Amino acid sequence: MSKLTVKDLNVSGKKVLMRVDFNVPIKDGVIGNDNRITAALPTIQYVIENKGRAILFSHLGRIASEDDKKELSLEPVAKRLSELLNQEVKFIPVTRGIELENAVNDLKDGQVLMVQNTRFEDFVDGQATKYESKNNPELGKYWASLGDDIFVNDAFGTAHRAHASNVGIASNVSQTAAGFLMEKEIKFLGEAVENPIRPFVAIIGGAKVSDKIEIVKSLLEKADKVIIGGGMAYTFDVAKGKTIGNSLFEADKLELAKELIEKAGDKLVLPVDTLAASEFNNDADTYIAEDGIKDGYMGLDIGPKSIKLFQDVISTAKTVVWNGPMGVFEMSNFSKGTLAIGEALAKATEENGATTIVGGGDSTAAVQQLGVGDKLSHISTGGGASLEYLEGKELPGIASITDK
Ligand code: AMP
């Protein structure tokens, strides 16, 4: 990799600033799912086993009032981390000041300290200050001053944003390195965008054309096939002259859809049938629509012929990137298309040795529901960040990691 990684740093005896993503679901102080904490363990363990003094920063939720602060303290996360590491994690309930500075200076080799939620800096003295989220230069400089001039960024989920706790710290230290999680994201997503093994198939789904249009455009330039499913496909159907009943439709994206269909030719793969429903309800009356959807019905999933078509295309691939569901996957009767894509990816990995990459909450949930997560090459930890990376944008959090 062209970027420094944590293994390139000499952490022994050093105060190592670390940005992790501990933005876990939390309610009344109870953590719903600690995947993000366990995912960061290898990097933290590497630093402490090599006698570094780990100083952890993370955001949690959004802070727009003093009440939010009561709900969104990182203290329960520090407790959970301490159980997982089987050692004390010193939690500091503030984001700056003498208590934090003293605790940092008291750290011994191999010890771990966690700073309060970085977004507490977004609301200070009754004001929306956004010091963290708008990368206030003083804040980044201050946090950087707490360490020994080295910073490890392992928070891919925020890499598409320039915040004080990633870009701010990085611009005030000599060496910023990727943690193991970040390294894996750069390896898989970066290679898919820059140097994919072909054929390269991209699958984009979800509700809105407007959310995904940039990625579709960019992937049409890079991939060999771009499959489109989900609610966004119906605007393309209208562009092709099909009737879509009450399905999702974005009139202001119609011209663009027409242009893309014309320009992309057979590179663009659209559904050929749809599972149409009488209402937006799991128990609605349904039928398979092939030549347009009749009045009063709406498309809520791809149909069996589309599933077969998409599976066939995926089976030819050596690299597959997938983001977004093929239908209203939250309702069991409309989840078939999405689950079939998850299965096709697992099969392509196992049988053809394809590199398969999944990004986005719904697609990730689908592969987890199927229990095939372990079979895929990479499940990205960042929804927005992975989309922007695949769009080919430079992510500030990654750009600020030191080149080798
Ligand atoms: P996104 O956040 O853009 O990836 O979209 C995800 C959402 O799109 C999910 O909540 C799905 O239920 C929704 N979705 C997918 N297909 C359809 C469809 N055909 N009609 C309505 N909503 C859909």
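What follows draws every value from the coordinates through simple rules; no lab data is involved. A quick note: this is a predicted structure, and the numbers were derived from the prediction, not measured. FYI the Cβ positions are ideal-geometry reconstructions off the backbone, even for glycines, and counts take in every protein chain you see.
Details
- On full extension, the segment bounded by Lys7 and Gln87 gains 26.6 nm, given 0.36 nm per residue less the C-alpha separation.
- Relative to the longest principal axis of the Cα atoms of the chain, the long axis of helix 35-49 makes an angle of roughly 40 degrees.
- Whole-percent pair-distance distribution, where bins are 5 Å wide, for the alpha carbons of the stretch 98-167: 3, 13, 23, 27, 19, 10, 4, 0
- Ordering of 347-358, 156-167, 47-58 by burial proxy (mean other Cβ atoms within 10 Å per residue, highest first): 156-167, 47-58, 347-358
- Dipole orientation for the stretch 6-183: of the candidates Gly179, Ala78, Val104, Gly179 has the Cα lying most toward the positive pole (charges on Cβ; Lys, Arg +1; Asp, Glu -1).
- Candidate lysines - alpha carbon under 23 Å from Lys7, same-chain residues fewer than 8 apart omitted: Lys15, Lys51, Lys108, Lys184, Lys187, Lys404
- Whichever aspartates and glutamates have a C-alpha closer than 14 Å to that of Lys258, once near sequence neighbours (fewer than 8 apart) are set aside: Asp237, Glu250, Asp266
- Taken along the Cα-to-beta-carbon direction at a fixed 7 Å, the label points for Leu41 and Gln127 span 4.3 nm.
- Inter-label distance, Glu351 to Lys208: 3.7 nm, where each label sits 7 Å from its Cα along the C-beta direction.
- Taken about its Cα centre, the stretch 196-390 carries a charge dipole of about 580 debye when Lys and Arg each add +1 at the Cβ and Asp and Glu each add -1 at the Cβ.
- Charge dipole of the chain about the Cα centre (unit charges at C-beta), most positive-ward option of Ile357, Gly299, Ala257: Ile357
- The HN-Hα couplings worked out from phi for the stretch 372-387 by the Karplus form 6.51 cos²θ - 1.76 cosθ + 1.60 (θ = phi - 60°) are 9, x, 5, 7, 7, 6, 7, 10, 5, 8, x, x, x, 5, 5, 4 Hz, whole numbers, x standing for Gly and Pro.
- Between 0 and 90°, nearest 10: helix 336-352 axis offset from the chain longest Cα axis: 70
- D_trans [Stokes-Einstein, Kirkwood Rh over alpha-carbon pairs] for the stretch 323-404, 20 °C, 1.002 mPa s, µm² s⁻¹: 156
- Reachable aspartates and glutamates from Lys242, criterion Cα separation under 14 angstrom, eight or more residues apart if same chain: Asp273, Glu290, Asp291, Asp295
- Tilt relative to the chain, helix 361-370 - C-alpha long axis, 0 to 90 degrees, to 10: 80
- Here the chain is treated with +1 on each Lys and Arg Cβ and -1 on each Asp and Glu Cβ, and its dipole about the Cα centre works out to around 860 debye.
- For the chain, the C-alpha radius of gyration sits at 1.07 times the compact-globule guess of 2.2 N^0.38 Å, with N the residue count.
- Neighbours of Gln369 by Cβ distance under 13 Å: Lys/Arg scored +1, Asp/Glu scored -1, total -2.
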